[in-house]
1. Find the residue count for region 305-347, including only residues that are among the hydrophobic types (A, V, I, L, M, F, W, C), in contact with a Ser or Thr (Cβ under 9 Å, 6 or more places away or on another chain) and surrounded by 15 or more Cβ atoms within 10 Å (Cβ to Cβ).
2. Within region 241-276, can you find the residues that are surrounded by 15 or more Cβ atoms within 10 Å (Cβ to Cβ) and under 13 Å from residue 318 (Cβ atoms)?
3. Tell me whether region 173-188 contains one or more residues that are small (Gly, Ala, Ser) and modelled with pLDDT under 90.
4. Provide a single number: the residues in region 232-279 that are over 25 Å from residue 351 (Cα atoms) and not hydroxyl-bearing (Ser, Thr, Tyr).
5. Kindly indicate which of 42, 59, 92 is charged (D, E, K, R), at pLDDT 60 or above and under 22 Å from the mean Cα position of the chain (by Cα).
6. Only one of (1) at pLDDT 95 or above; (2) assigned to a loop (DSSP other than H, G, I, E, B) fails for residue 342. Which number is that?
7. For region 399-415, how many residues meet the condition of being assigned to a strand (DSSP E or B) and of a type in the set (Lys, Arg)?
8. Yes or no: region 200-222 includes at least one residue that is within 27 Å of residue 394 (Cβ to Cβ) and aliphatic (A, V, I, L, M).
Amino acid sequence: MAFAWKQKSIFLDARCKLALLISLLCVSTASSPVALAQDAIRVETNEVLLPAIVYDKERFGHLQKDTTNLFRAYFVGEMQVANDIIEGVVIRDLAVVDFQVLEDGMEQTVQKVTYERSLYWNVRDNRGHHTEYIGPGGGKWSTAEWPPNVVGEIEPPYYLIAYAPPESPEGSCHQIKVKVNRRNAVVLARGEYCNSKHSASDPLTGTTLGKQMESDLGSATHSNIDISPLAIAFHTDNDAARVHVSLDWPWKSLKRDARTIGVLGAVFKKDGSLITRFSDFFDSAEPGHGFNGRYGAPHSNDALTRYERQFIVPPGEYDLRVVLSDGTKFGRAEIPLTVDSYDGKELAISAISLCKQVEDVSAYSPQHHPKLPGAWTAKLPGNYVPLVSNDIEFKPTGNTRFKKGETLYTYFEVYDPLLGVGPQATVEIQIRIVDLKTGELKSDSQHISATPYVKAGNPVITIGRGIDISRLPKGSYRLYVQATDSRGKTTGWRTASFTVE
């Protein structure tokens, strides 16, 4: 059982420095604690997982009085420094014995407590700044790029408290209260959860929004949100494939005051039988609800514009149907999905994904400061696997209309089972661009060595590249990619179409 919750995010704006109305810092210590957006309260294998932020009232008060260092860190992009300052007001090293949890007024036995990083990430990519968030269903939501003068959002680390819930009827809701036996401790935690059974990968099942979206998925009504879908299959270490789905839509398409925004997807065989389905949602606080009912700069991060998701399916021919909804408007799309069989014995290449956004995800170290504030780590929560090549994450898009002067980024994988065993073979790739209208070859890379992308002992070569299309006139084109190894093996050409506007 699961449901998500999220406080409206607050940005730092140069014009509202005195207010400092950002996430934790907009809390009034005299007011009653309210829920902070971190992770959903959820029940897994008869275990309630309750997120709670615990901060020190005195240290928080000192930070409220002098925010100079915090603002300086944000304005110059020193996100690690900013995060350290915020984490400095959080009470660290709490254990099971420090927490008391009451459910409907009855004390519960706390089984485990872990200190967790927020599931919200501030990201700077090649296009600017935005926020990303791992949803309850395991997918990744992304916001529109932030406007000028907006420099960051803060989501402190939290404690994840686990306890076994008392038996209760399905659909019943329960009041939660969390206490901490530390001096000056203030707790921010969700105050209620409801006993509703949901699959971890399909949390909208049985919900009102989920039922509405099921109806939208099969409706003949014309959708009123323009979504651009993409589904790309990548081979795994068995015959199944990991399918990466991305949805893009104009950021103004969704209601700005929508409480919940959901995605529902279903994969069908050609005979119409259902293979798998998934869902996810982004739940914001009700309008006007914040720590003080106040907000600072315009919170443009509520303008969601992108969703990515992955699932595993066996080889076959499928139809993928997806719907996006804010509870009033919806967008629906259906695309064919081909998953090739692969026995792991021959040179092979994945389908080609086109990307507009790329992000440096190299780990932070004193010697190597990240170009991005809050980059994803190598292991994300859940089963989401970023498409990373040489420490750069590539974000596939179904919107393959590129503006004149933009860089076209592409990501694909080459599979060579003999890499790392015996005498190593070398792999080369070739990239071509053809004018769809005239058939003219507009670009031919000749042969490019894949060696810079090879990881020792790994038969999967993850290749992400930027392609200069600035000299291409407006029109429609097709990208061709092929791989060849030193033993004379060659893959077929993989293709992807795009438009220059």
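1. Of the residues in that region, 7 qualify.
2. Listed by number, the residues that qualify are 241, 243, 245, 265, 266, 267, 268, 275, 276.
3. No: region 173-188 contains no residue that is small (Gly, Ala, Ser) and modelled with pLDDT under 90.
4. Residues meeting the conditions: 11.
5. Exactly one residue qualifies, and that residue is 42.
6. (1)
7. Going through region 399-415 one residue at a time, the tally reaches 1.
8. Taking every residue of region 200-222 in turn, at least one turns out to be within 27 Å of residue 394 (Cβ to Cβ) and aliphatic (A, V, I, L, M).
The values are calculated or read from the model by the stated rules, or taken from the named source; none is laboratory data. Source: prediction; values computed, not measured. We place every Cβ from the backbone using ideal geometry, glycine too, and count neighbours over all the protein chains shown.
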